[in-house]
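Peer 1: Sharing a structure with you now.
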C-alpha cells in the first residue's frame, strides 16, 4: 500500500482483499472516497486459477511450507472429475493454520510460526464452480469461482484428501474480483512509472464500478442533501414504483444528477445513510 500511496500521491488507499504470498493476480485498490466501498469489492465473486501438486502435504498448504507427509498415490483424470461435485455449492472448510484469521486476538499464522498448536474452526464457504483445466501424473490445474472467505489452499488440501492422497497449492493466480478482471489491471511497476501524471489518473475507474451489482435509486437534490447530512429519506409512496425499491435491509446506491451520493440501507420505506460519499 505504501508504494501505491507514493505513486498516486495520496494517503487514503485501501484494498479489496489480500493475496497469499505465493499468489499473483488481481487486487482491487481503492483511492479516496472509494475506500468506503472496499467491503463491496471483497464481497464480490472471485475467480482463481491454481495448481495442486500431488504426493506431499505442507504445513502452509502451499509451496512455501515445510513437507509434513508424502504419498505415492497419484489420482487420474476420471478420479479427479468424480471428486469435484462434492466441492461445489455451500461447503464446510477448515482454513489453513497459516492464515490471517485471529485466534484469541492473535493472527493464526503468528501462532503457527511460533510452533504453537493452532485449532482452526470450520466455516461455510460458497463454491460456484470448479473446473479441471489440465492434468498430469503429479499436478492438476483448476479454475474455481467462489464467494468471500474461501481459502484455495484449503480447497487443494481437501481435494487431495478426498482423492486418497496428499497435496498442496503449487501455483495460484486470482483472475477476477467482482467486476474487476485482469483486462483492467495494471502492474504496480507500471503505476509507479506513470507517477503523478494524468495517465496515472486515467487508470482509475469510477466509484460506481464496484457498486454495479447493488440497486441504485435516483434522488432529488433535496433528498440527496438530507442523506449527505446523515438524515433518512422517505422513498416509499413518494413516486418510486414499489416494485423497484430494495427489500428491507438491502444496501442501495443513492444518486443525484447521475453522481453517487451515499450507500444507504432500506428500512420500512426509508433510505438511511450508511456511508456518505463526498464526491
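Peer 1: Which entry is the computed Cα Rg over 2.2 N^0.38 Å for this structure: (i) 1.34; (ii) 1.08; (iii) 1.19?
Peer 2: This structure yields the entry labelled (iii).
Peer 1: When the helices in the chain are scored as -39500 (n - 2.57) per DSSP H run of 4 or longer and the sum is shared across all residues, what 222 nm value do you end up with, to the nearest 500 deg cm²/dmol?
Peer 2: -5000 deg cm²/dmol
Peer 1: Here is a follow-up. How much length would be gained if the chain were fully extended between residue 218 and residue 124, taking 0.36 nm per residue of separation minus their Cα-Cα distance, in nm to one decimal? Write down the numbers at each step before the final one.
Peer 2: Values: separation 94, 0.36 × 94 = 33.84 nm, distance 3.60 nm.
Gain in length upon complete extension: 30.2 nm.
Peer 1: Between Rg and the Kirkwood Rh of the stretch 1-68, both from Cα atoms, what is the Rg to Rh ratio?
Peer 2: Reported Rg/Rh, Kirkwood definition of Rh: 1.11.
Peer 1: Turning to a different aspect of this structure: Determine the distance separating the Cα centre of the stretch 1-66 from the Cα centre of the stretch 72-137; give it in Å without decimals.
Peer 2: Measuring centre to centre over Cα atoms gives 18 Å.
Peer 1: Normalised by the residues of the chain, what does the relative contact order come to in percent, with Cα pairs under 8 Å and at least six apart?
Peer 2: 21 percent
Peer 1: Also, I was wondering about something else. How far, in nm, would the chain grow between residue 133 and residue 279 when pulled straight, counting 0.36 nm per residue and subtracting the alpha carbon separation?
Peer 2: Residue separation times 0.36 nm, minus the Cα-Cα distance, leaves 48.2 nm.
Peer 1: Now, a different point. Which of the three applies to the stretch 214-276, rounded, prolate or oblate, going by the alpha-carbon gyration tensor with a ≥ b ≥ c and a/c under 1.5 meaning rounded?
Peer 2: It comes out rounded by the Cα gyration axes.
Peer 1: With a ≥ b ≥ c the root eigenvalues of the C-alpha gyration tensor of the stretch 46-177, is it rounded (a/c under 1.5), prolate (a/b larger than b/c) or oblate?
Peer 2: oblate
Peer 1: Which one, 179, 232, 21, has the greatest fluctuation when you compute a Gaussian network model over the chain with C-alpha springs under 10 angstrom?
Peer 2: In this elastic network of the chain, the residue with the biggest mean-square fluctuation among 179, 232, 21 is 21.
Taken together, the values in this text are just the output of simple stated rules run on the coordinates, not laboratory data. For clarity, every value in this text was computed on a predicted model and none was experimentally measured.
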